[in-house]
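Below: the structure, in structure tokens.
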Amino acid sequence: MEQEQLKQFDERIQDLVEETADKPVRRVKKEKPQLKPSIYSLRLDEMKEWLTTNGEKAFRAGQIYEWLYEKRVQTFEDMSNLPKALREKLEAEFALTTLSTIIKQESKDGTIKFLFQLQDGYSIETVLMRHDYGNSICVTTQVGCRIGCTFCASTLGGLKRHLMAGEIVEQVVKVQQQLDETNERVSSIVIMGIGEPFDNYDAMMNFLKIMNDDKGLNIGARHITVSTSGIVPKIYEFADEGMQINFAVSLHAPNQEARQKLMPIAKAYKLEELMEAVKYYTKKSGRRVTFEYGLMSGENDTEEVALELAKLIKNIKCHVNLIPINYVPERDYIRTSRSKIFAFEKTLKEQGINVTIRREQGADIAAACGQLRAQERSHETK
Ligand code: SAH
């Protein structure tokens, strides 16, 4: 059943990609560089398993985790309580560093944006945001994206590859190493960087489990938020995981016609199916869902649309996060004016909907998802 669902998912996504591709490009396939697996990809149980199948003692897993997540060492050599032979084995098998920092930009408001280069030359973005309640980090899950939202910079150029779990984990470790210098801590994580996390589901789940592990970075599930464009079968799967992770859905429009214009994924998974899946999630988890709603001038920001939105979600345990859309030069959308954003918020409130407006950070350093990478993309190894 699961296999069948996956196959169906792949086919639907593939259709979507073909349908939305500007023009088909025939490229000669190039040899892909070998990616060494990241040691950070391993959950604690997987680490134990690797050790025992390699003739080592399982308890070493705890020691390795301590080096990785508590002491945050930069080389295997530094893991000084491990036998030399084991350190060499680890070195031969795994990469401890899969990300190198190409750009680090700091905004006036304290936001820091990292552009990291991967082993095969692709680049990804990670953003550290400073709030009164702590430091939050926005991580990337894929190199590019194949979902094709028409307002989004991350999808320009399509999907290059999925990230390994360890490449997602290492983004947090790298930022934490930066914060170590000022004795600060990453206190929350949003999976809202480049990519569709539910399109790289297994790696994302491993990432969540490693973050959540008290021997890992020990970041509580309630301090982690995952956002999806609406890959329906994965929403059911996620609901069944029973983790207390905050869950967000990018809605952006209150009806099928408008939504599929903005988000081609809505052709594969209809709004009605999406709402059913969201209801399943709220029922199963007992938690509320956050609907993200980017306001684009003349597209989805009138009072009439706000009323339609309120009607769509009024029976769902939810919260709406209104996003003043970031301008993407390759796209035509214009951000809704401040007064209209407030009017939209007011209409929703009057209808009894919980609503907030997303605060902007790092506007002076192109901190919105995909913006820095879009600037950098020409330098990537293609
Ligand atoms: N793929 C996932 C998570 C990454 S995007 C998703 O779609 O939810 C994180 C959020 O940023 C999503 O709500 C997405 O719709 C929004 N977003 C994309 N492009 C944007 C833009 N130009 N301005 C503001 N928000 C944008």
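Residues in the stretch 86-126 that are under 22 Å from residue 43 (Cα atoms) and aliphatic (A, V, I, L, M): 7 in all. Only residues that are in contact with a strand residue (DSSP E or B) (Cβ under 9 Å, 6 or more places away or on another chain), more than 13 Å from residue 200 (Cα to Cα) and open to solvent by less than 20 Å² (accessible area, probe 1.4 Å) were counted in the stretch 140-154, giving 2. Would you say residue 246 is open to solvent by 10 Å² or more (accessible area, probe 1.4 Å) and in contact with a strand residue (DSSP E or B) (Cβ under 6 Å, 6 or more places away or on another chain)? Considered against the rule, which asks whether it is open to solvent by 10 Å² or more (accessible area, probe 1.4 Å) and in contact with a strand residue (DSSP E or B) (Cβ under 6 Å, 6 or more places away or on another chain), residue 246 comes out as yes. Note on the stretch 160-182: among residues that are open to solvent by 30 Å² or more (accessible area, probe 1.4 Å) and modelled with pLDDT of 95 or more, the one that is nearest to residue 99 (Cα to Cα) is 174.
Listed by position, the strands (runs of 3 or more DSSP E) contained in the stretch 148-244 that have at least 1 residues being of a type in the set (Lys, Arg) and within 16 Å of the ligand (Cβ to nearest atom) are 159-162. The residue that is surrounded by the fewest Cβ atoms within 10 Å (Cβ to Cβ), counting only those in the stretch 106-118 that are at pLDDT below 95 and outside any strand (DSSP E or B), is 108.
Residue 193 satisfies every condition listed in (1) closer than 23 Å to residue 97 by Cβ; (2) surrounded by fewer than 19 Cβ atoms within 10 Å (Cβ to Cβ); (3) in contact with a Ser or Thr (Cβ under 6 Å, 6 or more places away or on another chain) except (2). For the stretch 290-333, a residue qualifies if it is in contact with a helix residue (DSSP H, G or I) (Cβ under 9 Å, 6 or more places away or on another chain) and part of a strand (DSSP E or B), and the qualifying residues are 291, 293, 294, 295, 296, 318, 320, 322, 324. Answer with yes or no whether residue 160 is basic (Lys, Arg) and under 19 Å from residue 116 (Cα atoms). Yes; evaluated as a whole, the condition is true for this residue. Would you point out the residue of the stretch 30-57, among those that are in contact with a Leu (Cβ under 9 Å, 6 or more places away or on another chain) and loosely packed, with under 14 Cβ neighbours inside 10 Å, that is nearest to residue 98 (Cα to Cα)? Residue satisfying both the conditions and the ranking: 54. Within the stretch 245-269, restricting attention to residues that are part of a loop (DSSP other than H, G, I, E, B) and over 22 Å from the mean Cα position of the chain (by Cα), the residue that is nearest to residue 323 (Cα to Cα) is 254. Residue 293: more than 16 Å from the ligand (Cβ to nearest atom) and either closer than 30 Å to residue 306 by Cβ or over 19 Å from the mean Cα position of the chain (by Cα) (or both), yes or no? No, not satisfied.
Inclusion of residue 258 among residues that are within 15 Å of the ligand (Cβ to nearest atom) and small (Gly, Ala, Ser) is warranted.
Taking the stretch 89-105 as the range and being open to solvent by 10 Å² or more (accessible area, probe 1.4 Å), in contact (Cβ under 8 Å) with a residue 12 or more places away in the chain and in a helix (DSSP H, G or I) as the test, the residues that pass are 89, 91, 93.
Residue selection: residue 331 satisfies the criterion of being surrounded by fewer than 18 Cβ atoms within 10 Å (Cβ to Cβ), within 22 Å of the chain's Cα centre (by Cα) and touching a residue at least 24 places away in the same chain (Cβ under 8 Å). Total residues in the stretch 271-289 satisfying the condition of being of a type in the set (A, V, I, L, M, F, W, C) and outside any helix (DSSP H, G or I): the figure is 1.
For residues in the stretch 333-373 being under 24 Å from residue 302 (Cα atoms) and at pLDDT below 85, which is farthest from the ligand (Cβ to nearest atom)?
359
The values are calculated or read from the model by the stated rules, or taken from the named source; none is laboratory data. Because the structure is a prediction, the values reported are computed rather than measured. No Cβ is skipped: glycine too gets one built from the backbone with ideal geometry, and neighbour counts run over all protein chains shown. Only protein heavy atoms, including side chains, enter the accessible area calculation; ligands, DNA and RNA are left aside. Shrake-Rupley method; radii C 1.70, N 1.55, O 1.52, S 1.80 Å.
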